[in-house]
Every structure is written in C-alpha cells, then in structure tokens.
Amino acid sequence: MCIRDSIIGEHIDYCGYAVLPAALEQDMIIAFKESSELFIEVHNMMEEVYKHFKFPLEKDMKFVEQKEGKWVNYFLAAFRHIAKEKSPELNKGYKVLISSTVPIDAGLSSSAAFSVSSTLVPLTVYGLREKYTRTEMVGNVINYERSVGVACGGMDQTISIFAEQGTAKLIEFNPIKAHTVKIPSKAALVIANSLTTVPKLQTAGTRYNLRVVECRLGLRILAFKLGLALSLIHIS
C-alpha cells in the first residue's frame, strides 16, 4: 500500500476537519502464502531491524508487549478484529513477507499503509474481501490501528485506500468522503527527509497521542471563545 504527504491539514483530521493528502511512490508490500498449519508467521525483509514472529491461530491473540516487537501489533490488530467480527472458519494459517521502501519512522504514514495491507491479507485468505466497500474498510482500519494504542484520525488510512496516480484527495469525515483533486502534470511534490526518526507507537503517550489531546482541547477553547458552544463540555 502507498504512503502519503499531507498537502493541507496536518494534525486536524482527528478533530473531524477536511484534509488534502496525496500518495507518494514509495510503498509497502506484503506477500502472503496460505498454510495448512494453524499459525500466522510474519517475516520482514529488514530482518536485522524487525525480527520474525510466529503466532498460534487464535481469535483472542495477544499483542506483543516487548518494545522492539510492538510493530507487529499493527498486523495482529487486523486479524483479531476480523476474527471476532466476521467469525471466519479458522481452518488455515498463513505466512507473510513484508517489504517496504518507506523510510523508517519518517512521518509518512507507514503505519497506516501497514494496517491497510495487514487487513487485506486475512480478508483475502478467508474469502471476505468482497464483503467490504472501500469506505467501510477505511472505518475498520482506523479502529484496528486505534486498538494498538494510537489515537489516529483517518487521513492516512483513507488516502492509502483511495489514492490514484496524479491526484490528491480532499478527504471529509463524518461521513468519510474522498474527492479527487487533479494535480497539474507539470507540478511535483518534493519531500525532504530530516533524518529525525519518531517511532509513533513507542512514543505515542508523550508525542503523537499528546498532540491529539492538545488539538482537541484547542478546538474546544476556540469554539467556546467564538460563542459556538455554551461551555467546553458541550463540544464533541
């Protein structure tokens, strides 16, 4: 799945405001193979950074608690929710191999691309992929990623699913809508990598999730000061 750059609307999607992201050419690919063994095996091409895991096929699969292994929880979250919500017959396992051209922890929504890809694998293995529209899948993936411990909005997941070459997407929420915005053929998006990494999941409590709280608090204060709400508690 693709990653994204936020053209307009950084850190406002989780307050329900519209955003304008575009997909980048770097991506994440998950190859998978069904297995008669009742296990899920997760391998990464960057094995020196991300060790492999093997889990027994259980609906109540536990998340990995070790700091260096928490990345695999994005993958497990999709399986756990699909197994509980759709109750497929878990009569086969699968093995996956993850490959990515995305810089690690660079703020380009690699976690959303991983979550979307991780959702497509069990849906395909258990014959459920055609039961979801793209809009429904966006809503589900957002919830899967939140269950890992990240208070994400919905921009990253939506652009990962709705992206088209040569376009940006004006994304609205409540309900989710993705409108195509044509990018001029002579225009180019130039992305610079500061080389400062921020592991979102490991630092969620002190960085990413804190920004969400700060933005929502700021929204409440502005609405109250502008007379749009009787008090801070009347703002959703």
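The values are calculated or read from the model by the stated rules, or taken from the named source; none is laboratory data. Owing to the predicted nature of the structure, the values given are computational and were not obtained by experimental measurement. With ideal geometry, Cβ positions are generated from the backbone for all residues, glycine too; neighbour counts draw on all protein chains shown. Accessible surface is based on the protein model in full, side chains and every heavy atom, while ligands, DNA and RNA are left aside. Shrake-Rupley method; radii C 1.70, N 1.55, O 1.52, S 1.80 Å.
In the stretch 23-52, how many residues are in a strand (DSSP E or B), aromatic (Phe, Trp, Tyr) and surrounded by 18 or more Cβ atoms within 10 Å (Cβ to Cβ)? Here the count works out to 1. Check whether at least one residue in the stretch 213-233 is outside any loop (DSSP other than H, G, I, E, B), open to solvent by less than 90 Å² (accessible area, probe 1.4 Å), modelled with pLDDT under 80 and at negative phi, and report yes or no. Looking through the stretch 213-233, at least one residue is outside any loop (DSSP other than H, G, I, E, B), open to solvent by less than 90 Å² (accessible area, probe 1.4 Å), modelled with pLDDT under 80 and at negative phi. When residue 11 is tested against (1) buried (at least 16 other Cβ atoms within 10 Å of the Cβ); (2) touching an Asp or Glu at 6+ places or on another chain (Cβ under 8 Å); (3) part of a loop (DSSP other than H, G, I, E, B), just one condition goes unmet, and that condition is (2).
Of all residues in the stretch 124-137, those that are out of contact with any strand residue (DSSP E or B) (no Cβ under 6 Å at 6 or more places or on another chain), surrounded by 14 or more Cβ atoms within 10 Å (Cβ to Cβ) and closer than 20 Å to residue 36 by Cβ total 3. Do we find a residue being buried (at least 16 other Cβ atoms within 10 Å of the Cβ), small (Gly, Ala, Ser), part of a loop (DSSP other than H, G, I, E, B) and modelled with pLDDT of 85 or more anywhere in the stretch 161-183? Yes: the stretch 161-183 contains one or more residues that are buried (at least 16 other Cβ atoms within 10 Å of the Cβ), small (Gly, Ala, Ser), part of a loop (DSSP other than H, G, I, E, B) and modelled with pLDDT of 85 or more. When residue 60 is tested against the conditions (1) of a type outside the set (Lys, Arg); (2) in a loop (DSSP other than H, G, I, E, B); (3) within 21 Å of residue 202 (Cβ to Cβ), the lone failure is (3). Remark: pairs (first residue in the stretch 144-156, open to solvent by 10 Å² or more (accessible area, probe 1.4 Å); second residue of a type in the set (Phe, Trp, Tyr); Cβ separation under 6 Å; 6+ apart in sequence or on different chains) = 148/74.
Listed by first and then second residue, the pairs linking a residue in the stretch 100-125 that is under 14 Å from residue 74 (Cα atoms) and modelled with pLDDT of 85 or more to a residue that is part of a loop (DSSP other than H, G, I, E, B) and small (Gly, Ala, Ser), with Cβ atoms under 8 Å apart and 6 or more places separating them unless they lie on different chains, form an empty list. Note on the stretch 184-209: residues that are open to solvent by less than 50 Å² (accessible area, probe 1.4 Å) and of a type in the set (Val, Ile, Thr) total 1.
Going by the conditions given, is residue 119 under 21 Å from residue 41 (Cβ atoms) and in a helix (DSSP H, G or I)? It is true that residue 119 is under 21 Å from residue 41 (Cβ atoms) and in a helix (DSSP H, G or I).
Would you mind stating whether residue 92 is open to solvent by 50 Å² or more (accessible area, probe 1.4 Å), touching a residue at least 24 places away in the same chain (Cβ under 8 Å) and either out of contact with any His (no Cβ under 8 Å at 6 or more places or on another chain) or closer than 21 Å to residue 178 by Cβ (or both)? Criteria met by residue 92.
Considering every residue within the stretch 63-72, establish whether at least one is in a strand (DSSP E or B) and open to solvent by less than 60 Å² (accessible area, probe 1.4 Å). No, every residue in the stretch 63-72 fails to be in a strand (DSSP E or B) and open to solvent by less than 60 Å² (accessible area, probe 1.4 Å).
Scanning the stretch 79-87 turns up no residue that is open to solvent by 50 Å² or more (accessible area, probe 1.4 Å), touching a strand residue (DSSP E or B) at 6+ places or on another chain (Cβ under 7 Å) and modelled with pLDDT under 90.
Being within 18 Å of the chain's Cα centre (by Cα) and closer than 17 Å to residue 200 by Cβ, is that true of even one residue in the stretch 118-126? Yes, that holds for at least one residue.
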